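Below: one structure, written as structure tokens.
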Ligand code: MG
């Protein structure tokens, strides 16, 4: 099609459109996004929602104006999490959705996640069509504007559906749970759900604030010191931390230790596969061996994808998987909705704790242990392709997978992955092994190869 002939600048990255608000992301672009979407989905109502960033209301008006001008009806859901908006798009028979958010990025950023009628982010092919329309300023003409209705704060059906996924409600009243929503919009969902179920909730950073005064919006260990302290001081059973738009969850066990997304994913996987032997699990190629080990042990079928939540969601649908997950705290539970959902992840970890009647640290201790390292190697945008190509030649005969970058597996001992970052001028080097020594050996061999390739 035409997009192959004309070089259209890419707007969409690994996860929607993102950039600095007022610079790359302004009201003109918002109007373009609304107009392109209205042109691509000419019928029906589009749901729009936003996170708590200061620039989000302005961008939401731009998207709404574009859609209304193309004749689409708009339902404004106001402040909402990304997974709640996605769930609503699917379950209200809407034709599409737009979430105004930059997820976990710093406060000055913003962006758009565009949702298809099935409640999942649009596939890459539709992203390219939208880019072409925006690039050419070419919109569908409409002589009659659409109608706009405002329905803010209505997440009841979403909360109900999540509550129905809780397996045993007796006993939840004895749990004390610290929930750090990091001044993000998950304050509207996770604490509300847990209180409804009867848990004793300690809310941390629960005032929605686009400046993120409480902590950095990304739920990484270095940003979760205060949650960890609160869990210990209050003798809570666990802590839950979300990112800015509520699609990720990282857990703190009762000892105050921040657990990696890989390990909580493996715990959820272990629980599900006990009751669903042979089920399919989808995960990107950079996920820890703990997930493949559990799949092997419990006779699950692991399906690997490229990195990116859209890849995981779309693959879950294509292969009919039960669960998907990412190392960053993304959990996709297909029976609920096959998108990354931080509040659903919280439900699944609670189910594991309640079913086993054991503390979270003990449940995670039972999982096999591995050593992993992730490094960033600076590499100019235009040099990325050449560097990967050079590595391919160098590693000829040893490469096991080129789904996303280059992966070399070392017969159960460990693996290495080198891939070009989709968002930053660097290559990412991942390595994992059974022991620390083996990990160091792998790094000693591969780090110089990568450094040489980017030269
Ligand atoms: Mg997010």
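Laboratory data are not the source of any read-out in this text; all were calculated from the coordinates shown. Model, not experiment: these values are computed from the prediction. Ideal geometry is used to build each Cβ from the backbone, glycine not excepted, and the neighbour counts take in all protein chains shown.
The modelled label-to-label distance for the pair residue 10/residue 386, using points 7 Å beyond Cα in the direction of Cβ, is 1.9 nm.
When 99, 130, 344, 58 are sorted by how many other C-beta atoms sit within 10 angstrom of their C-beta, beginning with the fewest, the order is 58, 130, 344, 99. Counting every other Cβ atom within 10 Å of each residue's Cβ, 294, 172 order from fewest to most as 172, 294. The distance from the alpha carbon centre of the range 35-56 to that of the range 377-455 is 39 Å, rounded to a whole number. Of all DSSP beta bridges located in the range 1-142, what percent are antiparallel, nearest 5? Once the DSSP bridges in the range 1-142 are tallied, antiparallel ones form about 50 percent.
Subtracting the Cα-Cα distance of residue 401 and residue 376 from 0.36 nm times their residue separation leaves 7.0 nm of extension gain.
By the Cα gyration tensor, the chain has an equivalent ellipsoid whose semi-axes, rounded to whole angstrom, run 34, 30, 20 from largest to smallest.
Think of it as helices only: each DSSP H run of n ≥ 4 in the chain is worth -39500 (n - 2.57), and spread over all residues that comes to -11000 deg cm²/dmol at 222 nm.
The ranking of 340, 50, 398 from fewest to most other beta carbons within 10 Å of each one's beta carbon is 398, 50, 340. On the basis of the beta-carbon distance and an R0 of 35 Å, residue 28 and residue 393 show a calculated FRET efficiency of 0.20. With the simple model of a label 7 Å out from the Cα in the direction of the Cβ, residue 255 to residue 91 spans 3.8 nm.
Beta bridges from DSSP with both residues in the chain: antiparallel share about 55 percent, rounded to the nearest 5. When you restrict to C-alpha pairs under 8 Å that are six or more residues apart and normalise by the size of the chain, the relative contact order lands at 12 percent.
Please report, in whole Å³, the volume per residue of the convex hull around the C-alpha atoms of the range 371-454.
Dividing the Cα hull volume of the range 371-454 by its residues yields 81 Å³.
Remark: the residue 151-residue 299 segment gains 48.8 nm on full extension, using 0.36 nm per residue and subtracting the alpha carbon distance.
Per the Debye calculation on the range 1-120 with a single equal scatterer at every Cα and no solvent contribution, log₁₀ I(q)/I(0) for q = 0.18 Å⁻¹ amounts to -0.87. Between residue 369 and residue 143, the FRET efficiency estimated from the beta carbon spacing at R0 = 60 angstrom works out to 0.40.
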